[in-house]
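The values are calculated or read from the model by the stated rules, or taken from the named source; none is laboratory data. Keep in mind it's a predicted model, so treat the numbers as computed, not measured. Note that we place each Cβ from the backbone using ideal geometry, even for glycine, and neighbour counts take in every protein chain shown. Accessible surface areas use protein heavy atoms only, side chains included; no ligands, DNA or RNA. Shrake-Rupley method; radii C 1.70, N 1.55, O 1.52, S 1.80 Å.
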Amino acid sequence: MPLEPPPKAPDPNAAIPPWRIWVDTGGTFTDCIGVAPDGERRRLKVLSSSALRSRVTERWREGAAEWVRLERSGGRIDDLLAGGRLRRLGAAAETPGALIVASRVGGALELDPAAQELPDAGATVEITWPEPAPILGVRWLTGTPMGAELPAIELRLATTRGTNALLERRGVECALFITRGFADLLLIGNQARPDIFALDVVKPEPLQAATVEVDERLAADGAVVRQLELTGLREEAARLVEAGVRSAAVALLHSYLDPEHERQVGEALEQQGFVHVSLSSSLAPLIKIVPRAQTAVVDAYLGPIIDEYLGRIAAAVGGAGRTYVMTSAGGLSSAQDYRAKDSLLSGPAGGVVGAAAAGRAAGFETLLTFDMGGTSTDVARFDGDYAYRFEHRVGDAEIVAPTLYVETVAAGGGSICELTEGRLTVGPHSAGADPGPACYGAAGPLCVTDVNLLLGRIEPARFEIPIDATAASHAADRVLAGLSGARDELLSGFLLIANERMADAIRRVSIQEGFDPARCALVAFGGAGPQHACAIAELLGTPTVLVPRDASLLSALGLGAARIERFAHRQVLEPLREAVASGTLSAIVDELAAEAARALAGEGGRGDVGARRSIARCRYSGQESTLDLDVDDPATLASEFESQYQRVFGDRPAGREVELESLRVVVAHSEPEAAASVAAIDGTSPASAAAGEREIWFDGKRLVTPVVPREAIGEEPVAGPALVTERHSVTVVEPGWSVAAHAPSGCLVVSR
């Protein structure tokens with residue numbers, strides 16, 4: 001990767017105001033934005049494997065010392081690279097790489113001459129560090145050498161650590177403690193068939209390594225049927241601890257009505273040596289034992305991993321700084337209060353917050369967000385406020401936790417393009433950061449990024465890391481060998497498949513929810529989003545595409561626009577009419593707001609604390625499916641429910657009572673300055689590559705297409721086709737579309 005020049009070393013006396021740094025760690029890249037104490041803003045993308053990539057331009061000896069010079073974007077390097085290891089891309093996995101002993105101004109690095117392999121001029125190399133990618137980004141942005149103490153910073157972090165561990169089943173061994181007679185509850189689940197036509201249904205293995213039955217029982221009204229007996233539980237707990245199991249989930253029947261038994265079990269487990277205990281009555285105090293138990297198990301399965309990861313981050317940040325982490329619901333929580341069950345959509349949530357801020361700055365209130373990264377694509381809807389889900393599925397687990405309504409599809413720049421049983425296929429597998437697509441030069445497979453490169457839709461000089469078009473071409477030849485037809489035509493087939501899969505995900509959050517995509521603007525971001533946005537908009541009938549400035553970093557920018565917030569919720573299960581007339585609804589809203597405000601105490605947020613939103617979940621009596629309604633005027637909730645039911649389902653039953661299933665309140669710090677953070681990232685980045693032309697594949701043929709730097713786009717529309725280049729991203733303006741700049745927000749507005 002061309003090396004970003006670091007700023008001057010920070011003044012140790014300039015700790016206030018601190019650095020504000022926003023970091024989004026994705027499956028392939030980690031995006032970093034830094035705001036210095038003096039207001040200077042810096043950007044950086046590093047590989048999520050804690051690596052930077054570049055090319056060696058020169059190698060020489062000075063006495064016994066070996067030196068290399070790296071290709072870079074200019075500026076100083078100082079000693080920031082010292083302590084890392086440099087290895088040739090494609091070297092054997094067991095090769096540790098050469099230790100970087102020192103560095104000089106101009107990109108010159110002194111390498112340990114005793115290294116097994118030293119790269120020659122022209123080699124693509126990778127520099128790796130032992131610290132997590134977010135801390136690597138923080139060091140580079142603040143100009144802090146390896147091993148030196150970081151300046152005071154406020155770090156806002158979004159991470160996929162928990163999601164990846166759950167999907168890859170790399171959590172810790174945990175035990176489930178559940179009411180006697182229900183040991184096989186999660187094995188049975190809800191008896192839904194994942195594929196109704198499958199003759200051989202293979203059930204996933206439970207996440208927990210052991211299940212322990214607890215002697216206790218509550219009735220459906222919360223009354224004690226069987227008193228809790230802890231003697232046998234303590235014996236089982238001691239045996240598990242001896243076997244190395246130190247994380248536990250506790251899910252007892254009807255504990256959402258009375259959590260006392262769960263609290264006593266949790267205390268007993270901690271006394272026996274369990275270091276992490278997840279109580280379902282604390283995590284999800286709602287009816288339905290299956291998702292409540294699954295939520296507790298997921299939190300126990302991932303909790304120690306998240307705690308260890310955030311502990312490393314917090315230790316590096318130090319006592320002078322603070323670390324906040326993005327939740328799946330688009331809010332921030334302090335690292336010490338963060339729960340694993342709230343982490344599973346952390347990264348995508350940052351993108352939705354950033355897209356909403358950018359879209360509103362451009363004058364659009366109804367948005368579809370389209371975040372295409374290296375591993376997957378995340379889409380969402382914004383209609384004046386966020387759409388939430390309060391139960392969601394990740395992998396094999398159903399989790400009760402508030403999340404933004406985000407649909408994810410395994411189609412990203414790193415999605416592998418293959419020939420399967422004579423068919424072109426895209427994904428679901430990804431090449432990730434290592435080895436990455438073939439053009440990354442690490443012997444990776446043919447991926448969507450390679451296809452875009454070969455079809456002319458990427459400007460190689462503006463890519464995040466050095467890329468090799470020859471390697472991409474060879475990978476394409478291997479995949480397409482033996483197929484008849486022009487190579488460009490076949491390659492474009494991969495793009496059509498990927499585009500259709502991504503458009504279908506957007507249909508799920510819009511059309512299936514009663515929203516017309518033709519009424520919305522499509523906000524395209526992520527490293528690959530602007531390349532595909534026009535094609536996706538054509539499939540959806542969406543007339544306008546917005547490309548925010550720094551679109552490739554928008555998920556990190558969203559962290560700057562997010563608020564520190566808390567949810568509080570309560571099961572109600574009363575007729576809506578009675579809850580409104582008796583004042584029960586308003587009283588519960590007030591109680592929940594106070595509860596959430598207490599949870600926010602001590603978080604260190606800026607601005608006033610207040611209820612940002614109250615949400616009622618309602619349904620017709622006798623039905624299970626619910627609809628979410630904002631509680632603005634309780635008296636109008638019933639009519640609002642009926643109107644929304646009609647819009648979503650096309651019909652509604654007559655004469656049915658409306659039931660208030662539950663209430664949720666979001667309380668947040670106002671942080672009045674945060675709303676401007678996305679638009680404030682202005683044109684301080686280096687100028688894009690000079691204008692030119694290149695041949696790009698459109699609609700069955702290659703067209704000579706102008707390549708235009710983003711800075712050259714003004715308010716007067718430029719007709720497509722065009723390739724608009726900027727740092728870390730490129731926007732493909734298809735034929736029949738035009739592009740213009742919206743100066744106040746910095747967005748590109750691409751119109752059909």
### Residues being buried (at least 16 other Cβ atoms within 10 Å of the Cβ) and either over 19 Å from R619 (Cβ atoms) or not β-branched (V, I, T) (or both) - total across the stretch 576-595
6
### Task
Please state which one of L344, L253 is modelled with pLDDT under 95 and surrounded by 23 or more Cβ atoms within 10 Å (Cβ to Cβ).
L344
### Query
Of the residues that sit in the stretch 206-224 and are open to solvent by 60 Å² or more (accessible area, probe 1.4 Å) and part of a strand (DSSP E or B), which one is farthest from Q294 (Cα to Cα)?
V224
### Query
On the given criteria, is R563 within 30 Å of A601 (Cβ to Cβ), of a type in the set (K, R) and touching a His at 6+ places or on another chain (Cβ under 7 Å)?
yes
### Message
Of all residues being under 28 Å from I458 (Cα atoms) and among the β-branched types (V, I, T) in the stretch 508-546, which is most open to solvent (accessible area, probe 1.4 Å)? Just the residue, please.
### Response
T544
### Task
Taking T403 as the residue in question, decide whether it is over 30 Å from L453 (Cα atoms) and assigned to a strand (DSSP E or B).
yes
### Query
Within the stretch 631-678, restricting attention to residues that are open to solvent by less than 20 Å² (accessible area, probe 1.4 Å) and of a type in the set (D, E, K, R), which residue is modelled with the lowest pLDDT?
E671
### Subset tally (residues that are in contact with a His (Cβ under 9 Å, 6 or more places away or on another chain) and not basic (K, R)) for the stretch 449-470
3
### Task
Scan the stretch 432-456 for residues that are open to solvent by less than 20 Å² (accessible area, probe 1.4 Å) and charged (D, E, K, R) and jot them down.
D450
### Task
Sort out which residues of the stretch 225-238 are in contact with a helix residue (DSSP H, G or I) (Cβ under 8 Å, 6 or more places away or on another chain) and open to solvent by 50 Å² or more (accessible area, probe 1.4 Å), and write them in order of number.
R234
### Task
Go through the stretch 359-391 residue by residue and tally those that are of a type in the set (K, R) and either assigned to a loop (DSSP other than H, G, I, E, B) or free of Cβ contacts under 8 Å to residues at least 12 places away in the same chain (or both).
1
### Query
So L136 clears everything in (1) free of Cβ contacts under 8 Å to residues at least 60 places away in the same chain; (2) buried (at least 22 other Cβ atoms within 10 Å of the Cβ); (3) in contact with a Phe, Trp or Tyr (Cβ under 7 Å, 6 or more places away or on another chain) except one condition, right? Which one?
(1)
### Query
Does E716 satisfy the criteria of being farther than 20 Å from I536 by Cβ, among the acidic types (D, E) and open to solvent by 10 Å² or more (accessible area, probe 1.4 Å)?
yes
### Query
What residue, among those in the stretch 725-752 that are assigned to a loop (DSSP other than H, G, I, E, B) and touching a Phe, Trp or Tyr at 6+ places or on another chain (Cβ under 9 Å), is farthest from A533 (Cα to Cα)?
H728
### Query
So G319 clears everything in (1) part of a loop (DSSP other than H, G, I, E, B); (2) buried (at least 24 other Cβ atoms within 10 Å of the Cβ) except one condition, right? Which one?
(2)
### Task
Assess whether A223 counts as being more than 30 Å from the chain's Cα centre (by Cα) and farther than 29 Å from H392 by Cα.
yes
### Query
Among the residues of the stretch 80-122, how many are open to solvent by 70 Å² or more (accessible area, probe 1.4 Å), out of contact with any Ser or Thr (no Cβ under 9 Å at 6 or more places or on another chain) and either assigned to a strand (DSSP E or B) or among the acidic types (D, E) (or both)?
4
### Given (1) over 16 Å from C174 (Cα atoms); (2) touching a residue at least 60 places away in the same chain (Cβ under 8 Å); (3) open to solvent by 10 Å² or more (accessible area, probe 1.4 Å); (4) touching a helix residue (DSSP H, G or I) at 6+ places or on another chain (Cβ under 8 Å), number of the condition Y309 does not satisfy
(3)
### Message
Quick test for you: out of G303, G351, pick the one residue that is open to solvent by less than 10 Å² (accessible area, probe 1.4 Å), in a helix (DSSP H, G or I) and either in contact with a Ser or Thr (Cβ under 6 Å, 6 or more places away or on another chain) or among the aromatic types (F, W, Y) (or both).
### Response
G351
### Message
Against the definition (more than 29 Å from F364 (Cβ to Cβ) and assigned to a strand (DSSP E or B)), how does L546 come out, yes or no?
### Response
no
